[in-house]
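Novice: Sharing a structure with you now.
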Amino acid sequence: MPANPYQSIESGTPGRIGWRIHYFDEVGSTQKVAAELAEEGAAHGTIVIAERQSAGRGRMGRSWHSPPGLNLYQTIILRPAMPLAEVPRLSLVAGVAAAEALETVAPGMVALKWPNDVWLRGRKAGGIIAEAVTDPGQGLKCVLLGIGINVNLAADQIPDELRDKATSVRIATGRLCDRIALEAALCNRLDSRYMEVQQHGFAAVRPAWQGYSALTGRRVTIVDGDARIAGTVRGIDAEGALMLDTASGPTRILTGDVSVEGAYD
């Protein structure tokens, strides 16, 4: 494998997502490496990709199963002009871009589970985390957008406790996938969707997210700390909040540290 197999898809134009891709055999976390590069002034669109993460993590601090040489583990440095409160919506934007990229290799199999899971054939194939980096005055310096996608993971490489929930492109399609081509598609779609949101707001990509929604029309329970809210998913609103029909009426759930029970039933 070349020293940096992803160098061939770099655009070479600073400011475009994927203009520079830093490649590592193994890191503790691509989020940590990207944070260091961002602090040193790395431009918007810089990407860190690793074959393996020894301390990979997802949303709510969960660990991420990351065997080497099979999947895509990356963090993208974004420098958006947006209020801090809007940063979580970038995980939804990235979800749309990931879904559109995966459609090129797994057509008709892709769905999104709010707020940040990517599904293939009803099982989780990827996850997204949008981590804001702020200055001492709580101004937004940058966003570290972490995206992990199970690409060429075989069924017997998934831990026993995850086999009823997790999958990969290879498992879903029965074919090995070209990770370089998939990454190129992801960079192209994310760059396009990101610019769309910067110019027109999140509402511009909401219809696309709704079209991929795995939970619309399903009964779920939202768990946030000690609070539990059960209802039927209506979709998301123009700000990315999950909309539920509950016993007490329509309820709006904001993006945050919540999980959805019953999603895999």
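Every read-out reported here was derived from the displayed coordinates using simple, explicitly stated rules and does not represent laboratory data. This one's a predicted model, so the numbers in the text were calculated from it and none came from an experiment. So basically every Cβ, Gly included, is an ideal-geometry build from the backbone, and we count neighbours across all protein chains shown.
Novice: Kirkwood Rh over Cα pairs of region 7-211 into Stokes-Einstein at 25 °C, 0.890 mPa s: D in µm²/s?
Specialist: Numbers: Rh = 16.9 Å.
D = 145 µm²/s.
Novice: Need the full-extension length gain, residue 259 to residue 36, defined as separation in residues times 0.36 nm minus the C-alpha distance. One decimal, nm.
Specialist: On the way: separation 223, 0.36 × 223 = 80.28 nm, distance 2.96 nm.
Length difference between fully extended and current span is 77.3 nm.
Novice: Another question about this same structure. Kirkwood Rh, Cα Rg: Rg to Rh for region 109-240? Intermediate results must be reported in sequence, preceding the final value.
Specialist: Working: Rg = 16.9 Å, Rh = 17.0 Å.
Value, to two decimals: 0.99.
Novice: OK, next. Using the number of other C-beta atoms within 10 angstrom as an exposure proxy, rank 179, 121 with the fewest first.
Specialist: 121, 179
Novice: Compare the peptides 135-143, 95-103, 148-156, 3-11 by average per-residue count of other Cβ atoms within 10 angstrom and give them in order, highest first. Each step should come with its number before you reach the end.
Specialist: Working: 135-143: 12.2, 95-103: 24.2, 148-156: 18.9, 3-11: 14.2.
Top to bottom by mean Cβ count within 10 Å: 95-103, 148-156, 3-11, 135-143.
Novice: Can you tell me which aspartates and glutamates have their Cα less than 13 Å from the Cα of residue 165? Leave out same-chain residues fewer than eight positions away.
Specialist: 117, 261, 265
Novice: What's the FRET efficiency of residue 238 with residue 103 using the Cβ-Cβ distance as r and R₀ = 22 Å, to the nearest 0.05? Intermediate values should be presented prior to the final figure.
Specialist: Details: r = 24 Å, r/R0 = 1.09.
Rounded to the nearest 0.05, the efficiency is 0.40.
Novice: How far is it, in nm, from the label point at residue 155 to the one at residue 7 when both lie 7 Å from their Cα along the line to the Cβ?
Specialist: A separation of 3.9 nm, rounded to one decimal place.
Novice: Determine by what factor the alpha-carbon radius of gyration of region 215-261 differs from 2.2 N^0.38 Å, reporting the quotient.
Specialist: Details: Rg = 9.7 Å, N = 47, 2.2 N^0.38 = 9.5 Å.
Relative to the 2.2 N^0.38 Å estimate, region 215-261 comes out at 1.02.
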